[in-house]
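Reviewing the structure listed below.
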Amino acid sequence: MEDINRQTGPVEAQDVATKPQKPRKVRGWMTLHSDDSLEFRPSAEGTATKVGEKKRGNSSFYRTAGEKESSVVAHLRVDASCEDPVAQMYEDLAALTKGQTQKEPPLPRSRKLMERPGVQVWHRQKEHKVVVVMEISTDTVQELSGQLFNLTSEVNKCFAINRTSLLRPRK
């Protein structure tokens, strides 16, 4: 036992304290020559171009501008301890992309039952669901309940007109 300890020698504190470094990734071109020698030429590091970066909490939204391609990137990060992480991500995305949309995203394949100013009704036949979108102006508080009542009565009329198509038995 004593011979083994003498051969290895004492371990210096400096060696224990230094951590091995992780390998660094480098992009470039490698050429294999006929004499089995390798030549490696690293590519020049380009600068990432972020245009119009918006941040909210840990989330960010930006456009990239490059010579070959440009894209739109959204990074959504939420704490794991959050009560509803999906809802928080949705709120972050809505806040980051405010003013970026040109039109509303289309609904899944559905049949349009009614489209009037302030109210739209679709029937998703495969899912056996009805989607209603109402827009209510918030100019005055007194008119809110009146607008809601009027739009709800319009939806009720739509249901009455389309009753037979909505209540078909499932196959």
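Charged neighbours of residue 148, selected by a Cβ distance under 12 Å, balance to -3 (K, R count +1; D, E count -1).
Taking 0.36 nm per residue of separation and subtracting the Cα-Cα distance, full extension of the segment from residue 33 to residue 165 would add 40.1 nm. The slack in the chain from residue 125 to residue 112, taken as 0.36 nm per residue of separation less the alpha-carbon distance, amounts to 3.6 nm. Sorting 62, 90 by the number of Cβ atoms found within 10 Å of their own Cβ, with the fewest placed first, yields 90, 62. Panel order for 35, 84, by other beta carbons found within 10 Å of each beta carbon, from fewest to most: 35, 84. Work out the FRET efficiency for residue 71 and residue 40 from their Cβ-Cβ distance, taking R0 = 30 Å, and round it to the nearest 0.05. The computed FRET efficiency comes out at 0.55.
Read-outs: derived from the displayed coordinates by stated rules, not from any lab. Here the structure is a predicted model, which means the values were calculated and not measured. Cβ coordinates were reconstructed from backbone atoms using ideal geometry, including for glycine residues, and neighbour counts include every protein chain displayed.
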